[in-house]
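The next block holds one structure in the form of structure tokens; read it before the comments.
The values are calculated or read from the model by the stated rules, or taken from the named source; none is laboratory data. No experiment lies behind these values; they were computed from the predicted model shown. Ideal geometry is used to build each Cβ from the backbone, glycine not excepted, and the neighbour counts take in all protein chains shown.
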Amino acid sequence: MRAQSDTIPERFIKSKGKTQFNYNIHQVTIEDLEGSPRTAYEYDYVEIEGKVTKAKILAALQATELEEIEDFTPEEAESTYNEAKEAINLSDISKLTFNQLDTYIDNNVTDLASAKLYLKKLSKVVLAMLKRQNWG
């Protein structure tokens, strides 16, 4: 949500069991009722219930961003999710341990062509993860 204040808002404001997290705080000059310029602060905020954690802040920010997307169909949302899930599952690196991944790269990325192929595969996995989390 969007808000405005005459003073710099605190990052966290607690009230009634919720915490308001203020972000994107920036100073603006606006005109008062008489037309004179004055300083104000505009910012966005999300409300978090219970204990504030990094995960809760990120989830609230992401949910706010997703709510602002108006031009979509349920079929598009489902398709994006399924494509991302399939790309991750089809990746032959998705189930490897870190040590196995090192070995895979050592054995399979041996020249420029194989490095290019691997970068394409890795980029698809990253893109799929971003789409699955609705960051893209």
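Values for this structure:
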item: Count of residues meeting criterion [outside any strand (DSSP E or B) and of a type in the set (Ser, Thr, Tyr)] in the stretch 14-58; result: 2
item: Condition check for Leu117: at pLDDT 80 or above and outside the structural domain of Ser15 (by TED's automatic domain parsing); result: yes
item: Residue in the stretch 39-55 that is modelled with pLDDT of 85 or more, in contact with an Asp or Glu (Cβ under 9 Å, 6 or more places away or on another chain) and among the charged types (D, E, K, R) present; result: no
item: Where Thr53 falls short, out of the listed (1) of a type in the set (S, T, N, Q); (2) loosely packed, with under 10 Cβ neighbours inside 10 Å; (3) under 19 Å from the mean Cα position of the chain (by Cα); result: (2)
item: Hits in the stretch 24-40 (condition: acidic (Asp, Glu) and in contact with a strand residue (DSSP E or B) (Cβ under 9 Å, 6 or more places away or on another chain)); result: Glu31, Asp32
